[in-house]
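See below for the structure under consideration.
The values are calculated or read from the model by the stated rules, or taken from the named source; none is laboratory data. Just so we're clear, the structure is a prediction, and the values are computed from it rather than from any experiment. Glycine gets a Cβ as well: all are built from the backbone with ideal geometry, and neighbour counts include every protein chain shown. Ligands, DNA and RNA are stripped out before the accessible areas are found, and what is left, the full protein with its side chains, is counted by its heavy atoms. Shrake-Rupley method; radii C 1.70, N 1.55, O 1.52, S 1.80 Å.
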Amino acid sequence: MVLHTSPFPSSFLSFIHSLSWALIFPCFWLGDRLLASFLPTTYEKRQRSDDPCYFQALCIIITTPIYLALLVSSLPFAFIGFLVWSPLQAVRRPYIYSRLEDKARISGAKLLSEWKATSSPKSFCFGSANVCLLPDSLARFTNLFNTQARAKEIGRRIRNGASRPQIKIYIDSPTNTSISAASFSSLISPQGTDVTHRAVNMGMKRTTSMEYKVEHSGENSNEEGKDEKNSGDMEQGEDACIIRISGEDSCHISDTEPDTISGHINVACLAETEPDFQKNETSNHKHREGDGGSLDSCSTSRESLIKGRVADGATDQSSMNNRLLYKASIIKKAAARKKKQTDDILDHDISAFFPANLDFLCLQEVFDKRAAEKLKEQLHYYFEYILYDVGVYSCHGCCVFKFLNSGLMFASRYPILDATYHCYPNGRGIDALAAKGALFVKVQVGTTPQDQRIVGYVSCTHLHALSGDAMIRCEQLDLLLQWMSEFRKFTSSSSAANPEELVAFDVLCGDLNFDNCSSEDKLEQQHTLFTHYKDPCRLGPGEEKPWAIGTLLDPEGLYDEEVCTPDNLQKVLENEDGRKEYLVYPTSKNHCPNHKGRKVPLKGNGRRIDYMLYSEERLNMEWKEEIEEYSFITQLAGLTDHVPVAMRLTISTGEEES
């Protein structure tokens, strides 16, 4: 299968398409801005609360006629452009494949080495997030705004989190053999700043507060161009640096110094007139004392928050980035534990950062094409291979006119071999205006010593969203399984007589728009999908594991101080009362609809509608697949109304030494 690097088969059609869209865009943009002016977010309302009551009305009275006049004048051009644009969609390809030719731009440091499937196990890390990158007026229905700036910031946060050094710290305690939540994200640079030289020369010293000094070589420029150029100099090992601390030392670990300055970007504290989300970040965003979390207790080891710390009064950004103090998170493990047993509890945590060495990323609701371009450019500093602008437009391939694409995006550090997209034909209502569907990808992750290709399958989807439409979602799940099977069969080059390739994993990620607790989602909970794919967070239909939490945030509280930074949102989600305040909970006949500040007791930990599933069917019989870690990520706090999830999957070839 040939991967499509352009949306049209010829440059002439691409030119005609660009010309037609240029005629449509002014009308689209003016309509979007006109509608957005009537839909303020809660953050904007708070910002304007001190203004006279007539000020906002006066602004609307002045701007609305201007927008309307310009909109009407642009309609004839938009109509002409639409007449050209719509027929072109019949020959448009269903995705755009982007491969970074200049590998020096990849901030994942050293390029991935070829996996030879020898004695040592191999782990792969998967991430999934619904980023809500809709046109600005539509995003405001979920209390989000400034889509273009959010897209750029989301990309920066993801690559900053994934490209940091990976350090695992274990506490071997003779008095406690319980397994706390493991963190594979032990070091982080300040968010919002592109610290390009990470751990070039790392010297670590043991102290009572578990602080490690990281020295950076070279200077970091504030200018985007210089920063992007230097990002290729970073080096990050594939293997984690493991530090073990004896039980007697673990009893004296404390965190006595508050963080003075944090680089976290608080979107709720920035005006919309600062679309770059990067202005005056060090002066505007400071952490309250105690935000770092305490390391005294093993129960708080899930708070693996690592903050860049600098001395008070530092004003020069380059000097701040040259030398940073890091606090490492602590993972408590049994002293005798040398190999994870099958009956061990799954390592899990609520992390403020995306996992280090993130290999695959599945995104949903990347509907806006300009935002997709900005997000792609940021992700390309870490991921070499990206599929974006996935889906169809107009009536091509679907019975209902599609104004938006599927919103799916896939990023990988491993080469993409094949990809295909299918559109769900049974969308209804407002959901039918988007080409929701499924993206299936085949990647190459290594070769055996006998030169057999080792591949993996990743599927990304976004199901029907409207409540009460359980049958539609079940039909889409049926199609999903059918399309998966067809894709595996069509792209497979193996047979019993000629095993040319080995399958290492089969993972499904996406926003399925149903949870495992709501009474109205019983049909979806019992679907055969869960007999073919395993859900690490699920015990059975209607029954979650105790540590699983909801992934859908209450939109009304997105900009509250308690949750508008990754650190604060992490702390809220680790607390049962906090979850009840800021997560959307499953509905039932006995519970009132979700609203902030309610007093009705609720069961569970919130609606988990973002899933990450894996299958062991049709994998190599001699290999063993094991979930090493499952994480709920708060790094996109204030940028989306979903909580991203991540999973680390380890493949053992069966040849490792005992």
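What pairs in Lys489/Lys545; Lys369/Lys442; Lys152/Lys442; Lys122/Lys442; Lys152/Lys369 have C-alpha atoms more than 22 Å from each other?
From Lys489/Lys545; Lys369/Lys442; Lys152/Lys442; Lys122/Lys442; Lys152/Lys369, over 22 Å: Lys489/Lys545; Lys369/Lys442; Lys152/Lys442.
Karplus couplings for the range 604-616 from phi (6.51 cos²θ - 1.76 cosθ + 1.60, θ = phi - 60°), rounded to Hz, Gly and Pro as x?
x, 10, x, 7, 9, 10, 9, 10, 9, 10, 9, 10, 10
With Cβ to Cβ distances under 14 Å as the rule, what net charge do the other residues near Cys537 carry (K, R +1; D, E -1)? Present the calculation step by step, with values, prior to reporting the outcome.
Values: positive: Lys534, Arg538, Lys545, Arg607, Arg608; negative: Asp347, Asp349, Asp515, Asp535, Glu543, Glu544, Asp610, Glu629.
Net charge in that neighbourhood comes out at -3.
Taking only protein heavy atoms and a 1.4 Å probe, what accessible area per residue, in Å², does the range 374-457 have with all protein chains in place? Write out the running numbers ahead of the final one.
Details: 2350 Å² over 84 residues.
For the range 374-457, the solvent-accessible area averages 28 Å² per residue.
Given H placed on each backbone N at 1.01 Å, which residues far from Asn620 in sequence or on other chains put an amide H within less than 5 Å of it?
Amide H neighbours of Asn620, under 5 Å, 5+ apart: Val503.
I need the phi-derived Karplus couplings for the range 7-23: 6.51 cos²θ - 1.76 cosθ + 1.60, θ = phi - 60°, integer Hz, Gly and Pro marked x.
Going residue by residue, I get x, 10, x, 9, 5, 5, 5, 5, 5, 4, 5, 4, 5, 5, 5, 4, 6 Hz, with x marking Gly and Pro.
Could you pull out every residue, at least 5 positions away or on a different chain, whose amide H is within less than 5 Å of the one on Glu544? Hs are placed 1.01 Å off N in the peptide plane, and Pro or chain starts have none.
Residues meeting the amide H criterion: Leu539.
Would you kindly derive the ³J(HN,Hα) couplings of the range 26-38 from the backbone phi angles with the Karplus curve 6.51 cos²θ - 1.76 cosθ + 1.60 (θ = phi - 60°), listing them in order in whole Hz, with x for Gly and Pro?
x, 5, 4, 5, 5, x, 5, 5, 5, 5, 5, 5, 9
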